[in-house]
Amino acid sequence: MKRRKIGIAASVLLLAAFMTGCGSSGYDKAELNSSAAYDNGGYYTDAQYTAAVTEEAFEVEYESGEYADAAGAEMTNEDIQQSQRKLIKTVDLSVETESYDTLIAGLESQIAELGGYIEYQYQYNGSGYSNYEETRYANMQVRIPVNRLEEFIVRVGEQSNITNKEERVEDVTLRYVDLESHKNALMTEQDRLLALLTVAETVEDIITIEQRLSDVRYQLESMESQLRTLDNQIDYSTINLSIREVKRLTPTQEKTVWDKIKNGFSESIYNIGHGFENFFIWFVVNIPYIIIWAVVLFVAFLIIKTTIKKRKLKKSAGKQAQKEEEKHINGTVAATGKFTGAKNGEDTK
């Protein structure tokens, strides 16, 4: 019984170490042979138990190729090129339109028609003004099946003016193969641990096996989650769509010098007319402010004018009073001088 207990614990440890190696760099044949020799030491007397856990079974299955892929064997570049590549496609589109509402409604229905969906959407409906023009715009993150991606881009181009387009492709083949191999190795280890659990007899063996089973299942869930995420990114391309409403579409190409002159002259005439239009809109929109400021300036003008007038009157009155005083003083001096002279004459006589 003691030898069997030791054998079960050793098998669990060997199985964990063996599968961990399978998930990263594949099987080592020398290690398999040594494991088989170890298991032939006579620890396993139960026929069913021996069939489930001995390394001879691993050796046979490995040589037959059953676990070649599940063990995470390294794939050469040629193997990967021959297999289906796992590509994640992302497209950034900037478009402008003169029919904003029509474009938004049409895109929403066409996305559903192509089997896609809108993952994120933001719309600004022009509650403010920039140069007294409505500046409505929308940002969307659209997921489209990869086989309908080009069709969707063509449809967008037919309904709007594409001003910027950027495409990115990320090759995740190696990452996907590694995750898938690791997952298969963990599933194999899980099956072996379940087989061990059915023949375990002591509480210590059961606890050891269940602890390892818990770790394996946690790793399996993580691998499956990552694979599901990659599958979604591979099967559905991402389009980052930026939509802007304009009054006049931007020319996307200019062929000749004459086209450049014609477009430039037309743009200048349009800007002049647009400037007068914006000035008129500005004037009408700001009439209440203009009236208020006109009243304020008029009142300020009256106050300043009155103040200046009062100062002038005060200054004029001061000058007049000064003149009167000087005149009075001069008259007094003249009168006093005559009287003094007459008196002096009488005294002289």
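The values are calculated or read from the model by the stated rules, or taken from the named source; none is laboratory data. Here the structure is a predicted model, which is why all the values come from computation and not from measurement. Backbone-built Cβ (ideal geometry, glycine too); neighbour counts: all protein chains shown. The accessibility values were calculated without ligands, DNA or RNA, using every heavy atom of the protein model including side chains. Shrake-Rupley method; radii C 1.70, N 1.55, O 1.52, S 1.80 Å.
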Could you identify the single residue in Gly106, Gly65, Gly115 that is in contact with a Lys or Arg (Cβ under 9 Å, 6 or more places away or on another chain), part of a loop (DSSP other than H, G, I, E, B) and either at pLDDT 90 or above or surrounded by fewer than 13 Cβ atoms within 10 Å (Cβ to Cβ) (or both)? Gly115
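Among the residues that make up segment 264-274, is at least one of them at pLDDT below 80 and open to solvent by 90 Å² or more (accessible area, probe 1.4 Å)?
yes
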Among the residues of segment 143-179, count how many are within 22 Å of the chain's Cα centre (by Cα) and either not in a helix (DSSP H, G or I) or not hydrophobic (A, V, I, L, M, F, W, C) (or both). 14
Search segment 170-183 for residues that are within 17 Å of Asp235 (Cα to Cα) and pair each with any residue that is open to solvent by 80 Å² or more (accessible area, probe 1.4 Å) and not acidic (Asp, Glu) when their beta-carbon atoms are under 9 Å apart and the residues are at least 6 apart or on different chains. Asp171/Arg85; Val172/Arg85; Thr173/Gln84; Thr173/Arg85
